[in-house]
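S.K.: Before I ask anything, here is the structure I am working with.
The values are calculated or read from the model by the stated rules, or taken from the named source; none is laboratory data. Treat the numbers as computed from the prediction; the structure is a model and nothing was measured. Using ideal geometry, Cβ is built from the backbone for each residue, glycine included, and neighbour counts are taken over all protein chains shown. Each accessible area value is taken on the protein alone, full model and side chains, heavy atoms only, with ligands, DNA and RNA left out. Shrake-Rupley method; radii C 1.70, N 1.55, O 1.52, S 1.80 Å.
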Amino acid sequence: MFSLKTYGLESLRLISLPCLYAERFIPQIVLHIIKHPPNYQSFVLKMKNLMCLAAVLIFFIQTAILRTEANIIAQTCQKTPNPPVCLSSLKSDPRSAQADIYGLAIIMVDVVKAKSTTTLNQINQLLKQSPRDKGLIDCADRYNAVLKGDVPEAYEAINVRRRMFALDGMNDAVNEANGCERNFAGRSSHPLTKLNKDVADVASVAAAVINQFG
Amino acid sequence: MADTRPLLLSDPDALPTAYTPLPGGSSSPEIRRIHVKEVLAMFAGVVMVSLLVVIIGNTGQDGNVYHRHNRRDKPMLLAASPTKETATKAEKAEKLQAVTRGMAAGVSEKSSRLYSSDVGAGTPVYPWNNSMLSWQRTAFHFQPEKNWMNDPNGPLFYKGWYHFFYQYNPKGAVWGNIVWGHAVSRDLIHWLHLPLAMVADQWYDINGVWTGSATILPNDQIVMLYTGSTNESVQVQCLAYPADHKDPLLTKWVKYSGNPVLVPPPGTGVKDFRDPTTAWYTTDGKWRITIGSKVNKTGISLVYDTKDFITYEQLDGVLHAVPGTGMWECIDFYPVSKTSDKGLDTSQNGADVKHVMKASLDDDRNDYYALGSYNEKTGKWVPDNQKIDVGIGIRYDYGKFYASKTFYDQNKQRRVLWGWIGESDSENADVKKGWASLQGIPRTVLFDQKTGSNLLQWPVEEIEKLRLNKKNFDKVQVKAGSVVPLDVGTATQLDIVVEFELDQKVVESAAESNEEFSCQTSGGAAKRGALGPFGLLVLADDSLSERTPVYFYVVKGSGGTVNTYFCADQTRSSVATDVVKQVSGSYVPVLKGETLSLRILVDHSIIESFAQGGRTTITTRVYPTQAIYGAARLFLFNNATDTSFTASLQIWQMNSAFIRPFSPDAASHASFTPVTVFIKFIVPFGIFLTLYFVR
C-alpha cells in the first residue's frame, strides 16, 4: 500500500495552494469591490469559499487519481501468487505509475529478463570453474531458452494482446528455473538456489499479471 | 547431380559394330537381318545402362534431400556423452528383458503430477540428448522443416491439389513473427513445402498475419479472408487472393489494395476480433461470414454479409453466444448431413441438415463443438441441447488439439478437419531440437447417425496408403492384472485397429458403484477398478519404465447402466521431468451390441487415438527417453481386478510420408518431364528388346 505519510503530505500541499492564492488575491479583490460597491463582504466570502471549495474538490479528485493508480497495482498484485514480489517489482519501476495491465505485464517481463540474465551470468561464471558440470550446462541451456525464446515471445504477445502466447512464455520460464534447480537436488547448498527461486517467483507473478488481461 | 540425358547413338563411329563388309559382295537379306538384330540389342543394352544411371542419379538426389531434411538444424548436444549412456541403457534393457517377458503382475500405483519432480535416488537427470530429440520428429504428420507452427489456415482443394496454410514463425521455435506457411499435396498425406504465402509487409498486418479461411466462389475464384494485427495492434480483417489463378500451386498471393476490409465494430474490443470463417451463400444472394469475439466473459460470434468480400454489413446481434466461455477464437460453422455419408458444401442447408458451431476457447485452450439448427432468416443458430452448448459440452479431442478448422473437400465430397497439435515439453527442448508443433492427421467429419448427438472423426482414408507389413492378432485373451507383449517389430510408426470384448458375465454381475469417474482425476492406468482400465501400452520399453496407456475404463453406474470412459495416460510416458504428465480423456457413448473399438496412430512423439469409430478422440504428445527407436514396444494390458478381455488386433507398420520441399520431379503423375518420359516409355521398351534378343 502507498504510505499514508506521502499521501497526507501531498494532499495537504494541494489543499493549501488555492487557499494561499486566495489569501494573496484578497487585497486586490477587496480593492476591486470597493471600487464597485455593495455586498463586498459577502462577495469576498463567496470568493474565499469558492477557492476552498475548489481546493477540496481538487483534493478529492487527486485522491481518486492516486487511489486508482495505486489500486491498479494493488489489485493486480493481489491476484498473483506472490503479492510482495509483485509490488516491489512494479513499484521499483517508475513506469508502473502510469501503466495499464499491459504495461505492468511488460514491466514484469523486464524483471524476468533482468533476473534471468543475472542468473545466466552466474552460471557462466560457475562453468568457468567446473566446465563439465552437467547440471550447470543444462541450466545454461534452460536460461538460454528463457532469454532467447520465452522472453521475446512474451514481449511480442503482450504487445499484440495475445494472452495465450504470453502465458506460454512466462509459464515456461517458471519451469526452466525449477528445472535448473532440480539439477542440484540433493546437493547441500549451491549458489544458484536463490537466483532460481527469484526467477521462478517473478515469472509466476508475470504469468499471473498476464492472466488478468481483459 | 545425374546427367538426365539418355545416352543416344548419335555417333556411329563411337561404338563398334559387328558389320564388316564382305569383299566385293552386296549384303544379302540374311546379313541385313543380323545387322538389325544386333543394333537393336545394343540399343536396348545402352538404354538399360542409361536407365541405371538415371535411376541412381535420381535416388542420390532424393536421398540428399532426406538427409538434408534430417540433419538441418541439428539440436545442441547435451553434456551427457551419448555412447556411454546408450551403452548402459542397452545393458539395462537386456537385463530386464529376461525378467519381464510374459505375464507381469500388472502395473504398480504411483502418484502422477504435472511436471513431476521425483527424480529417484537423488540423482538428477539430464535426459535430452541428440538421439532422443531427433527421434521426436514425426514420419507422417505435417510439420515444416523447422521452427514454430500453430493454427491451420485456409485449407482448400483446387485444380488437383490440396492446399494447406499455417501460422509459422520463420525465425524460431516459439510463437512470434507470424506469417503464412504453405504446402500442397495430392492426397492430404504426402505434403510438399512451398514458399511462404503471405508475410507481414503491410501496416495492417505488420504485427501478425493471423488466422483466416478460404472461400471458393462458384466460378472457381478463391477468396482468402484473414486477420491482420496492425501497427497499433488492432485486429482487422483483410482480403487476399491468388496472384495467378492459372497456377495450380497458388504460389503467389496478392493482398487487396483497399485492406483492411473490416475493422472492429463499435462495442467490440480492438483485440477481440479475429479468425474469419469460410463464407456461406445465403438465399438473399449474399455471402455470410462469422468472426469470433467476446463481451466481458461471454463468447460471441459476430456476423457479416457481403457481396464482393470488400464491403460488409454487420447483422444485428450475433450468430450465437454462450456466457462464461470467454473469447471465441477460430470459429468454425458448417453443415453436416443427418442421413448421408458425404460431407456438405458450407452453403448447404435444409431439413436434412444440422449445423455444427465450433469455437476454440482462449481461456482453456480446448476446441468445443455443438450440434444445432441454423435459421438463415433470423441469422441465428440454436443448439440441440443447451446443456452441452458451445464451450461447455463436447470437445473435438480430449488431448492436445486447438485452433481446428474444417473445409469442404469437393474432390471427394467430404468435410475434412485440421487441428493444431502443440508441444507438451519445455521450450528448452523445442529450442534445442529446432522445431515445435504438428498438425493432426486430417480427419473426415460426419454426423453420428446412431447416437444423433455427436460427430464422428476418422483419419482420412489416404493414410492407409502408408500401411505396410500387416500383423493380425486374433482373440488374444488377457486376464485381469496382466500385460501381453505384441510382437510388431519397430513400434514407433504404427496403425493399430483393435476390438475388445469383455467377459459379459463379469460385467453383468459387477457391483454398482457411485463412482464419479473422470480420466483427468482418476490417477491414470495404475488405478485399478473392477472393469478397467484395460487397453494398450504404447511407446513402452521392455521394462515398462516408460509407457503410454491408451485405454477404456468401464464403470457400472447406479441402475445397472454401464458407462465407458476412454483415456490416455501420460504420467509414466517418460522419465524426463519437464514434460506434461496428465491423464486425458472422456466418456464415450457405447451403444447396445457394440464391441469396444480403438484405432491408434503412433508416430514418434504423437499418439492419436479414436474410440468407437471416432466418437471420442484423444491426441497425446509424449517424449520417451528409453522407449524410442528399436527399444519401443507395444503391449496389451489389463489392469482391471475382475474382468478379463479378448482382443483382436490388426497392426500395420507405417511408412514415412516423405514430407519435403516441393521440386518439379516430386510433382508425381502430373508432370511429364523428359526424365519421367524416358523412364516410363523408352526404358520398358529397351528392357523388352534386350530380353528378347539376349533370351
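S.K.: Please turn the phi angles of the stretch A:89-100 into ³J(HN,Hα) values with the Karplus equation 6.51 cos²θ - 1.76 cosθ + 1.60 (θ = phi - 60°), one per residue in order, whole Hz, x for glycine and proline.
M.R.: Those phi angles translate into 5, 6, 5, 6, 10, x, 5, 5, 4, 9, 8, 8 Hz.
S.K.: Work from the charge dipole of the stretch A:91-210 (Cβ charges, +1 for Lys and Arg, -1 for Asp and Glu, about the Cα centre) and give the residue of A:I107, A:T118, A:A200 farthest towards its positive end.
M.R.: A:T118
S.K.: Would you mind checking which residues have amide H under 5 Å from B:T641's amide H? H placed 1.01 Å from N; only 5 or more apart, or other chain.
M.R.: B:G529, B:A530, B:L531, B:G532
S.K.: Under a 1.4 Å probe, what is the accessible area of the stretch B:388-482 per residue, stated in Å²? Don't jump to the answer; show the numbers that get you there.
M.R.: Values: 3140 Å² over 95 residues.
Heavy-atom SASA per residue in the stretch B:388-482 reads 33 Å².
S.K.: Also, I was wondering about something else. Hey, can you grab everything whose amide H is under 5 Å from the amide H of B:I606? Only 5+ residues off in sequence or another chain; H modelled, so Pro and N-termini drop out.
M.R.: B:V622
S.K.: Along the charge dipole of the stretch B:467-654, which of B:Q493, B:Q520, B:T561 sits closest to the positive end, that is, farthest toward it, with unit charges on the beta carbon of Lys, Arg, Asp and Glu (+1, +1, -1, -1)?
M.R.: B:Q493
S.K.: Explain nothing, just the number: dipole magnitude of the stretch B:356-417 about its Cα centre with +1 on each Lys and Arg Cβ and -1 on each Asp and Glu Cβ, in debye rounded to the nearest 20. Please report the intermediate quantities before stating the final value.
M.R.: Numbers: 11 positive and 9 negative charges, 53 e Å.
Computed about the Cα centre, the dipole is about 260 debye.
S.K.: For the stretch A:91-210, max minus min Cα coordinate along each principal axis, in Å, sorted largest first?
M.R.: That gives 45, 26, 22 Å along the principal axes, largest extent first.
S.K.: In nm, to one decimal, how far is the modelled label at A:D100 from the one at B:S558, with both set 7 Å along Cα→Cβ?
M.R.: Rounded to a tenth, the inter-label distance reads 5.0 nm.
S.K.: With heavy atoms of protein chains only and a 1.4 Å probe, what residues of the stretch B:173-190 have at least 20 Å² less accessible area in the full set of chains than alone?
M.R.: B:V174, B:W175, B:N177
S.K.: Of the cross-linked pairs B:K159/B:K405; B:K354/B:K470; B:K286/B:K405; B:K271/B:K405, which ones have a Cα-Cα span greater than 29 Å in the structure shown? The partial results should precede the final answer.
M.R.: Working: B:K159/B:K405 21 Å; B:K354/B:K470 38 Å; B:K286/B:K405 23 Å; B:K271/B:K405 21 Å.
In this structure, B:K354/B:K470 exceed 29 Å between Cα atoms.
S.K.: Treating each Cα of the stretch B:326-465 as an identical point scatterer and ignoring solvent, apply the Debye formula and state log10 I(q)/I(0) at q = 0.09, 0.10 Å⁻¹.
M.R.: -0.30, -0.36
S.K.: Still on this structure: Set Lys and Arg Cβ to +1 and Asp and Glu Cβ to -1, take the dipole of the stretch B:467-654 about its Cα centre, and tell me which of B:A510, B:P533, B:N469 lies farthest positive.
M.R.: After comparing all options, I get B:N469.
S.K.: For the stretch B:545-605, how big is the tail of P(r) above 13 Å, as a whole percent of Cα pairs?
M.R.: Numbers: 1272 of 1830 pairs.
That tail contains 70 percent of the Cα-Cα pairs.
S.K.: In Å², what does the accessible area per residue of the stretch A:96-214 work out to with a 1.4 Å probe? It would help to have the intermediate numbers written out before the result.
M.R.: Numbers: 4390 Å² over 119 residues.
About 37 Å² of surface per residue is accessible.
S.K.: Need one number: convex hull volume per residue for the stretch B:467-654, Cα atoms only, in Å³.
M.R.: Working: hull volume 18.8 nm³, N = 188.
Given the Cα convex hull of the stretch B:467-654, per-residue volume reads 100 Å³.
S.K.: Follow-up. Hey, if we sort B:K286, B:K470, B:K432 by accessible area with the 1.4 Å probe, largest down, what's the order?
M.R.: Working: B:K286 45, B:K470 105, B:K432 10 Å².
Largest to smallest exposure gives the sequence B:K470, B:K286, B:K432.
S.K.: Grab the eigenvalues of the alpha-carbon gyration tensor for the stretch B:137-240, scale each by 5, take roots, and send me the semi-axes largest first in whole angstrom. Walk me through the numbers before you get to the answer.
M.R.: Values: eigenvalues 103, 78, 15 Å².
After diagonalising the Cα gyration tensor, the semi-axes are 23, 20, 9 Å.
S.K.: Taking θ as phi - 60°, what are the ³J(HN,Hα) couplings along the stretch B:294-305 by the Karplus curve (6.51, -1.76, 1.60), each to the nearest whole Hz, with x for Gly and Pro?
M.R.: Rounded to whole hertz, the list is 7, 10, 6, 9, 9, x, 9, 10, 7, 10, 10, 10.
S.K.: Quick check for me: using +1 on Lys/Arg Cβ and -1 on Asp/Glu Cβ, what's the dipole size of the stretch B:143-210 about its Cα centre, in debye to the nearest 20? Provide the component values of the computation, followed by the final result.
M.R.: Numbers: 4 positive and 5 negative charges, 30 e Å.
Its charge dipole is roughly 140 debye.
S.K.: Here is a follow-up. With θ set to phi - 60°, apply the Karplus curve 6.51 cos²θ - 1.76 cosθ + 1.60 along the stretch B:197-204 and write out the HN-Hα couplings as whole Hz, x wherever there is a Gly or Pro.
M.R.: Using θ = phi - 60°, the values come out as 7, 9, 10, 8, 10, 10, 4, 8 Hz.
S.K.: For chains B and A, what's the summed buried accessible area, probe 1.4 Å, to the nearest 100 square angstrom? If you can, show how the numbers build up before the last one.
M.R.: Values: alone 30890 and 12880 Å², together 40770 Å².
That pair hides around 3000 Å² of surface in total.
S.K.: Search the structure for amide H atoms under 5 Å from the amide H of B:N150, placed 1.01 Å from N in the peptide plane, and list their residues when 5 or more places away or on another chain.
M.R.: Hits under the 5 Å cutoff: B:Q167, B:Y168.
S.K.: Continuing with the same structure: Around B:E608, with a cut-off of 12 angstrom between Cβ atoms, what is the net charge of the other residues, counting Lys and Arg +1 and Asp and Glu -1?
M.R.: On the way: positive: B:K400, B:R443, B:R599, B:R621; negative: B:D397, B:D495, B:D603.
With Lys, Arg at +1 and Asp, Glu at -1, the net is +1.
S.K.: All other residues with a Cβ under 10 Å from the Cβ of B:A279 taken together, and with Lys, Arg as +1 and Asp, Glu as -1, what is their net charge?
M.R.: +1
S.K.: Same structure, new question: Within a Cβ distance under 10 Å of B:P459, other residues only, what is the Lys/Arg minus Asp/Glu net charge? Present the calculation step by step, with values, prior to reporting the outcome.
M.R.: Numbers: positive: B:R443, B:R599; negative: B:E461, B:E462, B:E464, B:D495, B:E608.
With Lys, Arg at +1 and Asp, Glu at -1, the net is -3.
S.K.: Okay, next question. If you take the beta carbon distance between B:L315 and B:V254 as r and set R0 to 45 Å, what does 1/(1 + (r/R0)^6) give as a FRET efficiency, to the nearest 0.05?
M.R.: Working: r = 29 Å, r/R0 = 0.64.
Once rounded, the FRET efficiency stands at 0.95.
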